Amino acid sequence: MKSIRSRITALVILAVVISVLAIGIISVRVIRNSEREASLNLLRLTCEQKQLQLDAYFDSIEQSVDTVLHFAEDQYNDESDEAFSQYISSVDTLFHSVANNTNGVYTYYYRIDPDLGTTNQGFWYTKYDSYDFELREFTDIKAYDEYDREHVGWYYSPKQKGYALWLDPYANENLGGTKMISYVTPVYHDGKFVGVIGIDVDYRLLENRLKNIEAFETGYAVLTNADDNVIYHPEIKAGTPIGSISDKLKKSNLVGADQLIEYTYGNQDKIACWANLSNDMKLFLVVPMSEINETWHNLLGYVVMFSIVILIIFIGLTTLIANHITKPLSELTDIARRLDDGDYDVSFDYDRDDEIGVLTNTFHQLSDHLKIYIGDLSDRAYKDALTSVRNKGAFDVYLRKLEDRIANAGEMGEPEFAICMFDCNNLKIMNDNYGHDKGDIYLKNACALICDIFAHSPVFRLGGDEFVTILEGDDYTNRLELCREFDRRVAESCEQASEPWETIDIASGIAVYAADRDKTAGEVLKRADKRMYEDKARKKQGIVRELDESMVSY
């Protein structure tokens, strides 16, 4: 006959095994879904970041050409050969300045339509074999067929289409077959075609940008044109339709909000995240599915190993607990034997239900209290108790991330951010005259205003009456308008508040990160703090500041 201890041990071990298996299965599903989604979100974020960087580069080329185009169309003058030559000279001067301030320009030109019959045919400059732009002899446009892409595609493509466009990479035979990518636009005056303005970029610069894009361990970038033909791929020839790689990559699938496509290529499962660039090109980040799943596979191994360890520990503990539970039964058996022997002086004071019940109840209470305690510790670590915004500890963590981005600017691109410091004026007077409860109301109102204006930026309370926010994205771009709105709301509060503690009187200062002068984010913070104190001094003198671009710049 099996003992009670054996039965209890077997039942508890069975319960533990079932529980561990159930938790393990649930954990596998949760880990798989959450970690896979986290990896996919990381891929999306990386793709969006590289999209913004490429857009910024392409937009800088387009803006340079458009600047010269507007000037050329506005200043057009063909009243005489002398006036036309002066006009070309003024465009030449502007274009030279613009090209020198645009990264990656290989050649730039303003070619006049030969059919106009002017003696001045424009200009063409290149950095070919030199560190500065040199004037070169014109290509004889009439000597080539208009469909000769390598010689005159840069001229006839915009003329035929009638609008600005990017040309796919091509070997420019006018420069010894140098491979380049061009942005060209036609020039019109009173509806008449005048010529072509354009910038050529060395294709190797674009290729290097794409080669340096990192996605997980072995992921890579792919660039296609507006017709979804490959411009750059580390393995596939340029001009290949992207849809030929997989039916799932055909143009019909590259629409809508879902920017992730799973497909198989070369016996390997892959996933591509794509994004439309501002010039109608498409950027793809391609990563093997094995790398997307690697994280949750590793975590799964840890879960299995941890479950086995837990199971072994619980089996040992179950044996000990079973012994502890059955010990009173053994003692009762001994007492029964002693009674049988005639020993009536024995006694046994043991309340099994109370003892085990108290122990169980205490354990549950301890577990519940521990969860509450850990959650409370987490909130206290990074959350300000009064205003519920992030505290100085959270700000220090955020600042270190900015420092890492600055240190890795060569790989990730220069970050764009601004730091805005705030100081609540007269907090001590408020506390002394009306009590700390009113001072707390004042701080909460001030924090609410900061959060309302800079709604897309993290807000931190550094302690006391100081707050700070870090502007990125749209808030960084619109910082002048936001700071003006902030000053307006502060002034409005000072005029309309019915009680002193409802007045929101805040001094502020903003500084913008500049790569050429700021080595750390701390330097930007110091500059913002200085400007905040300058504003504080102005407010004490009753001077109302009028914000302009210079006051929200570097």
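The values are calculated or read from the model by the stated rules, or taken from the named source; none is laboratory data. Note that this is a predicted model, so its numbers are computed, not measured. In this analysis, Cβ positions are derived from the backbone assuming ideal geometry, glycine residues included, and neighbour counts consider all displayed protein chains. Please note that ligands, DNA and RNA were not included when accessible areas were found on the heavy atoms of the full protein model with its side chains. Shrake-Rupley method; radii C 1.70, N 1.55, O 1.52, S 1.80 Å.
The table below lists the values:
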| read-out | value |
| --- | --- |
| Qualifying positions in region 289-304 - of a type in the set (S, T, N, Q) and under 23 Å from the mean Cα position of the chain (by Cα) | ASN293, THR295 |
| Subset of region 214-231 (residues that are within 15 Å of TYR203 (Cα to Cα) and in contact (Cβ under 8 Å) with a residue 40 or more places away in the chain) | VAL222, LEU223, THR224, ASN225, ILE231 |
| Subset of region 106-121 (residues that are part of a loop (DSSP other than H, G, I, E, B) and closer than 13 Å to HIS189 by Cβ) | ASP113, THR118 |
| Checking THR102 against (1) more than 17 Å from VAL187 (Cβ to Cβ); (2) over 37 Å from the mean Cα position of the chain (by Cα), the condition it does not meet | (2) |
| Region 484-521, residues that are more than 30 Å from ALA409 (Cα to Cα) and assigned to a loop (DSSP other than H, G, I, E, B) | ALA497, SER498, GLU499, THR503, ILE504, ASP505 |
| So LEU54, is it at pLDDT below 95, open to solvent by less than 30 Å² (accessible area, probe 1.4 Å) and part of a helix (DSSP H, G or I) | yes |
| Region 114-128, residues that are of a type in the set (D, E, K, R) and farther than 15 Å from LYS142 by Cα | LYS127 |
| Residue in region 164-172 that is within 30 Å of ASP228 (Cβ to Cβ), among the aliphatic types (A, V, I, L, M) and surrounded by fewer than 16 Cβ atoms within 10 Å (Cβ to Cβ) present | yes |
| Meets criteria (more than 37 Å from the chain's Cα centre (by Cα), modelled with pLDDT of 95 or more and within 30 Å of ASP280 (Cβ to Cβ)) for VAL91 | yes |
| Selected residue (criterion: nearest to the chain's Cα centre (by Cα)) from residues of region 236-252 that are touching a residue at least 40 places away in the same chain (Cβ under 8 Å) and surrounded by 15 or more Cβ atoms within 10 Å (Cβ to Cβ) | ILE242 |
| Members of region 448-473 that are out of contact with any Leu (no Cβ under 8 Å at 6 or more places or on another chain) and assigned to a helix (DSSP H, G or I) | ALA448, LEU449, ILE450, CYS451, ASP452, GLY473 |
| Qualifying positions in region 464-508 - surrounded by 14 or more Cβ atoms within 10 Å (Cβ to Cβ), of a type in the set (Gly, Ala, Ser) and touching a residue at least 40 places away in the same chain (Cβ under 8 Å) | SER493, ALA507, SER508 |
| Tally of residues being farther than 30 Å from THR9 by Cα, of a type outside the set (Asp, Glu) and part of a helix (DSSP H, G or I) across region 277-317 | 9 |
| Residues of region 253-291 satisfying the condition of being without any contact (Cβ under 8 Å) to a residue 60 or more places away in the chain, open to solvent by less than 40 Å² (accessible area, probe 1.4 Å) and among the β-branched types (Val, Ile, Thr) | ILE261 |
| Answer residue from region 73-91, given it is among the hydroxyl-bearing types (Ser, Thr, Tyr) and out of contact with any His (no Cβ under 7 Å at 6 or more places or on another chain) and is surrounded by the fewest Cβ atoms within 10 Å (Cβ to Cβ) among those | SER80 |
| Per-region count, region 93-105, residues in a helix (DSSP H, G or I) and buried (at least 18 other Cβ atoms within 10 Å of the Cβ) | 3 |
| Test set (1) open to solvent by 80 Å² or more (accessible area, probe 1.4 Å); (2) modelled with pLDDT under 90 - LEU45 fails condition number | (2) |
| Any chance TYR109 is open to solvent by less than 60 Å² (accessible area, probe 1.4 Å) and within 44 Å of the chain's Cα centre (by Cα) | yes |
| Pairs where the first residue, in region 158-173, is under 12 Å from VAL65 (Cβ atoms) and the second is surrounded by 15 or more Cβ atoms within 10 Å (Cβ to Cβ), C-beta under 6 Å, 6+ apart | PRO158/VAL184; PRO158/THR185; PRO158/PRO186; PRO158/VAL196; ALA164/THR185; TRP166/TYR183; TRP166/ASN279 |
| Scan of region 509-546 for residues that are in contact with an Asp or Glu (Cβ under 7 Å, 6 or more places away or on another chain) and open to solvent by 20 Å² or more (accessible area, probe 1.4 Å), ordered by number | ALA515, THR520, LYS536, ARG545 |
| Scan of region 428-448 for residues that are touching a helix residue (DSSP H, G or I) at 6+ places or on another chain (Cβ under 8 Å) and modelled with pLDDT of 90 or more, ordered by number | ASN431, ASN433, TYR434, LYS438, GLY439, ILE441, TYR442, LEU443, ASN445 |
| Every pair of residues 6+ apart whose Cβ atoms lie under 7 Å, when the first sits in region 292-320 and is in contact (Cβ under 8 Å) with a residue 40 or more places away in the chain while the second is outside any helix (DSSP H, G or I) and open to solvent by less than 60 Å² (accessible area, probe 1.4 Å) | ILE292/ILE271 |
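A quick yes/no check of all residues on (1) closer than 21 Å to GLU523 by Cα; (2) at pLDDT below 95:
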site: VAL459; (1), (2): yes, no
site: GLY463; (1), (2): yes, yes
site: GLY473; (1), (2): yes, yes
site: ASN478; (1), (2): no, yes
site: ALA491; (1), (2): no, yes
site: CYS494; (1), (2): no, yes
site: ALA497; (1), (2): no, yes
site: TRP501; (1), (2): no, yes
